[in-house]
1. Under a point spin-label approximation (7 Å from Cα along Cα-to-Cβ), what is the Tyr205-Ala330 distance to one decimal in nm?
2. Could you tell me which Cys residues in the chain have no other cysteine's Cβ under 4.7 Å from their own Cβ, answering none if every one has a partner?
3. Just to be sure I understand the model, the point goes 7 Å from the Cα along the line to the Cβ. What's the resulting Thr26 to Arg391 distance in nm?
4. Using the heavy atoms of the protein chains and a 1.4 angstrom probe, tell me the accessible area per residue for the stretch 319-395 in square angstrom.
5. Could you compute the FRET efficiency for Asn511 and Ala470, with r as their C-beta to C-beta distance and R0 at 25 Å, rounded to 0.05?
6. I'd like the Kirkwood hydrodynamic radius of the chain, using the inverse of the mean 1/r over distinct C-alpha pairs, in Å.
7. Please give the length that would be gained between Arg538 and Ala64 if that part of the chain were fully extended, namely 0.36 nm times their separation in residues minus their C-alpha to C-alpha distance (nm, one decimal).
8. Taking only the alpha carbons of the stretch 495-589, what extent do you get along each of the three principal axes, in Å, biggest first?
Amino acid sequence: MSAGPLGRPIAYMSFALDHYLHGDATPYPYKLANVLIHGLNALLVAALLGTVLGRLAARQALPARLTAPAALAITALWAVHPIQISSVLYVVQRMTSLSATFTLAALLCWLRARDGVARRFATPAIELAPLAMVGWLLAGGLFWTLGLFTKETAVVLPLYALLLDRVLFPEAPWWQRWQRIPAGARLALLTSGLVLVFGLAAWHYAPGYAGRPFTLAERVLTQARVLWFYASLAALPRIDAFGLHHDDIALSTGLLTPWTTLPALLGLAAVGLLAWRCTDRRPLIGLGIAWFLAGHALESTVVPLEIAHEHRNYLPLLGLLLAAAGGLLAVRWPRRRLAAVAATVSAVLAATTALRADQWGDELGMSRYEVRHHPGSAQARNNLAADLVWRGQYPEARQHLLAAMDIAPWEAGYPMNLVGAYRVEHIDPPPALNAEILKRIRSQPLSAFASNTLQRYSECLPKGCAYMAADVTRWLEAYLASDQPTFDRSYVYFLLGRAYREQGRIQDALNAFQRAHDLDPRYLHPLFEQANILLALRQWDAATQVLDSIRAANERAYQRLDRQIAQLDAAIATGRTAESAEHKPAAAP
């Protein structure tokens with residue numbers, strides 16, 4: 001399964017480095033690396049805010065004496081907010097935080113270059129170093145590229161840059177021309193552009209909803225309520241409202257189902273209009289609201305992702321804090337009162353974050369807490385079941401998986417895990433359970449979770465899960481018979497060949513591996529599996545024929561496998577030599 005359209009190689013390289021340095025015995029080195037990345041991001045946020053607020057102070061849009069304290073206060077609130085926990089302590093979300101590192105660095109580079117352009121417009125007689133500006137732009141482009149190859153969320157960087165340009169450089173010729181257009185026409189142009197962009201994106205991503213339990217329209221409607229949910233977590237961070245999963249959020253199936261859908265949509269339109277009106281009058285409020293919305297333009301609109309996750313607010317949270325800061329500064333409180341408010345809020349947020357971090361230190365305790373406060377979350381119950389199975393508490397694990405099946409009757413992954421919770425205890429699952437799994441596989445496309453579950457069990461067969469071989473075989477055969485679109489069929493036949501091999505069905509395994517290669521001639525791993533079986537059977541000539549096929553296909557393979565080919569060649573030669581020695585007649589006495 002792909003981690004994303006770009007593969008996210010930078011993030012995986014960082015995980016590989018952690019593995020090389022520390023192994024997998026404990027997750028703490030990985031989490032320490034995440035904490036250090038978050039600390040670096042806090043420094044970058046402080047630098048960005050210093051630049052932004054300094055520029056606004058130069059335009060008299062902000063009291064100069066408050067620039068540095070405001071930048072430090074907003075940075076502290078952003079860094080210690082409990083909504084950031086999953087982005088920092090959930091190891092895989094390094095993809096989010098590290099991508100944000102490159103995004104922030106790129107924005108800082110762009111601002112340096114943009115400031116040079118602004119000074120050229122302001123004082124054309126002064127010769128500024130154009131090479132320096134080009135250098136900053138190239139550096140920004142490099143950081144943006146690194147961000148994209150860490151996680152695709154960096155794609156929203158141009159939106160951030162556009163917002164900063166509008167707020168910080170309103171005197172630019174293009175914004176002056178824009179301002180001369182009547183306000184109504186500008187609003188119509190902006191709305192039309194957004195509709196066009198998101199309409200094209202919706203058309204592009206529509207096929208991806210085949211494996212989701214919601215439609216594109218339902219997701220878009222639900223996201224209006226989800227954005228307000230995120231804002232409520234930021235404003236009132238109740239520890240029982242947070243969670244690793246939020247699949248218990250009800251889908252919006254219509255404008256009034258649930259009734260909060262229409263008010264949420266109207267509210268978003270209202271705050272969008274507020275941001276528009278505040279851009280010049282209260283630039284911090286306008287920038288903050290627009291930053292929050294722009295930060296969610298990818299993950300909270302038409303892309304067929306899960307409904308809600310807290311880590312999606314890693315950079316967007318900065319926008320809410322900017323808007324709140326703009327509102328506080330607008331009331332013109334004394335500096336001491338503002339400092340007291342910032343200190344109090346920071347202390348409350350830090351204490352809540354400490355409580356959440358302590359929860360995350362107890363895996364089973366956290367899973368129980370999540371189920372207690374999110375009883376309607378099937379994913380929370382599945383996570384608790386996995387922790388219970390790991391600790392040998394199989395009956396309780398099966399109870400939670402049964403509850404997950406009831407909550408999500410379309411999901412095939414939970415009954416698959418239930419079969420695993422029976423098999424690991426050497427108990428045969430009820431026949432009706434496998435029948436239910438086959439029905440779910442055949443009736444609709446597998447979800448991303450079910451696909452990952454099937455892949456995980458398939459890949460585990462040679463690593464200690466051989467007791468699942470018969471079940472996995474049935475599931476894979478049903479998957480292939482249903483003509484599902486989720487997996488590459490070549491890879492499914494490869495997994496099926498492994499399942500057959502674990503059951504001793506050697507000819508079926510050889511046929512499945514051959515079918516996998518035939519479907520994708522650039523995919524060589526099935527041929528290596530064939531060769532390994534033939535080596536075990538001591539069929540040297542047949543193994544040599546497969547080796548010849550591998551050599552012929554190696555030039556056009558996804559990656560050259562010269563080292564593996566040499567190892568296979570040596571193994572065949574060694575096997576031939578050993579067999580010849582066995583049949584060589586003993587020397588006469």
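1. Reported label-point gap for Tyr205 and Ala330 is 3.1 nm.
2. Cys109, Cys278
3. 2.0 nm
4. Accessible area per residue, the stretch 319-395: 52 Å².
5. 0.90
6. Details: mean 1/r = 0.0363 Å⁻¹.
One decimal place: 27.5 Å for the Kirkwood radius.
7. Taking 0.36 nm per residue and subtracting the Cα distance, the gain is 162.5 nm.
8. 57, 32, 16
The values are calculated or read from the model by the stated rules, or taken from the named source; none is laboratory data. From a predicted model like this one, the values you see are computed outputs, not experimental measurements. Glycine also receives a Cβ, built like all others from the backbone with ideal geometry; neighbour counts cover every protein chain displayed. All accessible areas refer to the heavy atoms of the entire protein, side chains included, with ligands and DNA or RNA removed. Shrake-Rupley method; radii C 1.70, N 1.55, O 1.52, S 1.80 Å.
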